[in-house]
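To start, the structure under review is shown below, and the notes come after it.
The values are calculated or read from the model by the stated rules, or taken from the named source; none is laboratory data. Model, not experiment: these values are computed from the prediction. We place every Cβ from the backbone using ideal geometry, glycine too, and count neighbours over all the protein chains shown. All accessible areas refer to the heavy atoms of the entire protein, side chains included, with ligands and DNA or RNA removed. Shrake-Rupley method; radii C 1.70, N 1.55, O 1.52, S 1.80 Å.
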Amino acid sequence: MSWDPPSPRVRELIRQGAEIALNPRPEWLAEIDAATLAGEARRPIAGDPVLAAATRRTNRSNLLFWAAANVRAPGQPVAANDEAAPLAIARDLVRRGLDDSALDAYRVGQAVAARLWTQIACSLTTDTGELRELLDVSLRSIAAFVDATVATISLRMRAERAALTRGTHAERRETVTLLLDGATVNQAEIRLGYPLDRTHTAAVVWTDDPDTDPRHLDRAADVLAAAAGTGRPLNVIASAASRWVWVHGHPDLGELRLALDRLPQVRVALGSPAPGVDGFRRSHLDALTTQRLLARLTSAQRLASFDEVELVALVTQDAEGADRFVSRTLGGLESAPAEVRAAVRAFVAEQCNASRAAARLFTHRNTLLRRLARADRLLPRPLAGNTVAVAAALDVVHWRAIGAQPS
């Protein structure tokens, strides 16, 4: 797409607008993100924390790429965005088995960006002639830029798809996908190098930092197998920033947590141990549920198991309802110091035995009792008559707390 160069005055207005776009308001970014992750067609992306995060990074990359180009050369055609973020998501979309229809999100983002740009343009001039020329040039530019970027990503996806059809990784990924879909796969154990007639614990291993060395993800898979006391894990590349892992047996969470301290930026969501091929599938689904819960609650926890969060996952399906439940149940305890909330959680976990709860927290029994007394003063209803609801609400607070430490 080409167009006549804008007048010097309109070039200056475009440059001014692009400088504003280079420092976008948080609500603009939130609106673009919400639009590109909304709708049934984009559910596979929105439901995957790694793909959703990659989409948000790509939205920012595209906005800043176009704006920077128009600061340098206002009103001139902008080349396709060939930076790392959009090219990385092309690879990840293919590895998730998604096709070019996933790129419709770019068109949705384009519509929102065009509307926000129009608002910027209207703030720059009241002259209708200038505004008409400004919008004619800049909206053509946005459309051409998105077309070129989508075409570039589509080409990258085709190249990735061709690469994934070759080699052992492609066979392993295909076999796992068929098993997860419920198919019977001849010689599946031989193809995977992983026995299926045992008890499995599945995990999603991922990172929120796209610059993390991918070898750390593979190392975490080996650490998981060591914590389970088994042989080599089944490790499948789900995306550049995530792995699907299976090990036999029951990993020791304490050992795994200590090992993860040596792998910064890596996070692990575990499914429940379950036997056989059905257990292979079910544990994986549990691990995905755990990972999505951590993303939904913006939790900073680096390790979580489905057994720990199953109730929280159910309670927080309705986010607004969960918030009301927590506030109504906990009252002032919701914002109390972490050690007071931890005292109540430990007390309930130890079946309301103060001595065992104090030992669990490595604190004196009298200290625990003082914290429990403080909690009772903060609660709308006494703990003794509302133990189950208080425990559930505290679990929600624990898993959604930014920067909270596991207990």
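Every Cα-Cα pair in segment 102-200 was counted, and those over 19 Å apart are 64% of them. From the Kirkwood radius over Cα pairs of segment 188-306, Stokes-Einstein at 25 °C and 0.890 mPa s returns a whole-number translational diffusion coefficient of 176 µm²/s. If you run the Gaussian network model on the chain, springs between alpha carbon atoms under 10 Å, then out of Asp213, Asp100, Asp181 the most flexible one is Asp181. Size descriptors for segment 29-185 (Cα atoms only): Rg and Dmax, in that order, 18.5, 68 Å.
Between Ala30, Ala114, Ala226, the residue with the greatest mean-square fluctuation in the GNM of the chain (Cα pairs under 10 Å linked by springs) is Ala30. Accessible area per residue for the chain, computed on protein heavy atoms with a 1.4 Å probe, is 48 Å². Between the helical axis of 104-122 and the longest alpha-carbon principal axis of the chain there is an angle of about 60 degrees.
Legend: translational diffusion of the chain by Stokes-Einstein, Rh = Kirkwood radius over C-alpha pairs, 4 °C, 1.567 mPa s; D = 54 µm²/s. Placing +1 on each Lys and Arg Cβ and -1 on each Asp and Glu Cβ, with no other charges, gives the chain a dipole about its Cα centre of roughly 940 debye. Only protein atoms count toward the accessible area here, which uses a 1.4 Å probe; on the chain, the carbon and sulfur part of that area reaches 53 percent. Our analysis of segment 291-407 gives Rg over Rh at 0.95, with the two radii drawn from alpha carbon positions and Rh computed by the Kirkwood formula. Distance from the C-alpha centroid of segment 292-309 to that of segment 318-350: 17 Å, rounded to the whole angstrom. For the residues Arg172, Arg96, Arg356, a GNM of the chain with alpha-carbon springs under 10 Å puts the largest fluctuation on Arg356. Hydrodynamic estimate: the Kirkwood radius of segment 250-313 over Cα pairs, inserted into Stokes-Einstein at 20 °C and 1.002 mPa s, corresponds to D of 176 µm²/s.
At q = 0.24, 0.26 Å⁻¹ the log10 of I(q)/I(0) for segment 2-77 amounts to -1.00, -1.09, computed by Debye summation with a single uniform scatterer per C-alpha, solvent ignored. For the chain, the 222 nm mean residue ellipticity estimated from helices alone, with every DSSP H stretch of n ≥ 4 adding -39500 (n - 2.57) and the total spread over all residues, rounds to -20000 deg cm²/dmol.
Between the listed residues Gly75, Gly129, Ser61, the Cα displaced farthest toward the positive end of the dipole of segment 1-132, a dipole computed from Cβ unit charges relative to the Cα centre, is found at Ser61. Of all DSSP-defined beta bridges confined to the chain, some 85% are antiparallel rather than parallel.
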